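Colleague: Following this message is one structure expressed as structure tokens.
The values are calculated or read from the model by the stated rules, or taken from the named source; none is laboratory data. Every value quoted in this text rests on a predicted model; they were computed, and no experiment measured them. No Cβ is skipped: glycine too gets one built from the backbone with ideal geometry, and neighbour counts run over all protein chains shown. Surface areas here come from the heavy atoms of the whole protein model, side chains and all, with no ligands, DNA or RNA. Shrake-Rupley method; radii C 1.70, N 1.55, O 1.52, S 1.80 Å.
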Amino acid sequence: DIDEISRAIGSDPRIGNKFLKASVGYGGSCFQKDILNLVYICDTFGLKEVSEYWHQVVLMNDHQKHRFANNIVRTMFNTITGKKLAILGFAFKKDTGDTRESAAAYVMKDLLEE
């Protein structure tokens with residue numbers, strides 16, 4: 001039950017109760033690094049299927065960010081040229097100024113390239 005897991009993990013104040021309720025995908029520099037370390041360890045021990053599973057988590061997270069940016073553009077009549085957008089919640093978690101690997105940074109990059 002994902003709600004029960006979220007509540008249990010969220011009881012740690014460093015993580016918070018919204019940890020598994022992310023919108024665009026995970027952000028921050030540690031989580032992706034940890035997943036990529038899992039990929040490496042699995043590869044090292046010849047666990048190809050497990051390695052591929054965790055690699056797909058990273059790829060899906062990247063896909064979510066691109067999909068979110070594309071949805072914004074589509075919702076705004078297929079262009080954001082000449083329009084003003086506000087980006088709220090740029091950091092990857094509440095009460096931090098750390099924006100390393102923030103999902104919002106990647107969404108903004110996609111929007112700027114549009």
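Colleague: When the accessible area of the chain is split by element with a 1.4 Å probe, what percent falls to carbon and sulfur?
Modeller: 60
Colleague: Hey, another quick one. If DNA, RNA and ligands are ignored and the probe is 1.4 Å, what is the ranking of Met76, Met60 by accessible area, most exposed first? Could you put the intermediate results ahead of the total?
Modeller: Details: Met76 50, Met60 110 Å².
Greatest to least solvent exposure: Met60, Met76.
Colleague: Round to the nearest 10 and give me the degree value, 0 to 90, for the angle of helix 103-113's Cα axis relative to the longest principal axis of the chain.
Modeller: The angle comes out at about 40 degrees.
Colleague: To continue, here is another question. Mind checking the angle between helix 48-75 and the chain's longest principal axis? C-alpha axes, 0 to 90 degrees, to the nearest 10.
Modeller: Taking Cα atoms only, the helix is inclined about 10 degrees.
Colleague: So, in the range 3-114, how many Lys pairs have Cα atoms under 13 Å apart, if the pair is 8 or more places apart or on different chains?
Modeller: Taking the Cα cut-off of 13 Å, the pair count is 4.
Colleague: How much accessible surface area, in Å² rounded to 10, belongs to the heavy atoms of Phe68 with a 1.4 Å probe?
Modeller: Surface accessible to solvent at Phe68 totals approximately 80 Å².
Colleague: Output the relative contact order of the range 1-74, whole-number percent, from Cα pairs under 8 angstrom with separation of 6+ residues.
Modeller: Dividing the mean separation by the residue count of the range 1-74 yields 24 percent.
Colleague: Report, in degrees rounded to the nearest 10, the 0 to 90 angle that the Cα long axis of helix 29-44 makes with the longest principal axis of the chain.
Modeller: Compared with the principal axis, the helix lies near 40 degrees.
Colleague: Right, here's the next one. Roll a 1.4 Å probe over the protein chains and send me the accessible area per residue for the range 1-96 in Å².
Modeller: That works out to 77 Å² for each residue.
Colleague: Which shape class, rounded, prolate or oblate, goes with the range 9-106 when its Cα gyration tensor gives a ≥ b ≥ c as root eigenvalues, a/c under 1.5 marks rounded, and past that a/b bigger than b/c marks prolate?
Modeller: Here the range 9-106 falls in the oblate category.
Colleague: Rounded to the nearest 10 Å², what accessible area does Val107 show when all protein chains are kept and the probe is 1.4 Å?
Modeller: Per-residue accessible area (Val107): approximately 10 Å².
Colleague: Hey, with R₀ at 41 Å, roughly what FRET efficiency would Ala8 and Lys83 work out to, going by the Cβ-Cβ distance, to 0.05?
Modeller: 0.50
Colleague: May I pose another question? Compute, for Asp1, the solvent-accessible surface of its heavy atoms (probe 1.4 Å) with the complete set of protein chains present, and express it in square angstrom to the nearest 10.
Modeller: 130
Colleague: Order Leu88, Leu59 by their accessible area, 1.4 angstrom probe, all chains in place, largest first. Could you put the intermediate results ahead of the total?
Modeller: Numbers: Leu88 155, Leu59 75 Å².
I get Leu88, Leu59, largest accessible area first.
Colleague: From the protein chains alone at 1.4 Å, what is the descending order of accessible area for Cys42, Cys30, largest first?
Modeller: Sorted by accessible area, descending: Cys30, Cys42.
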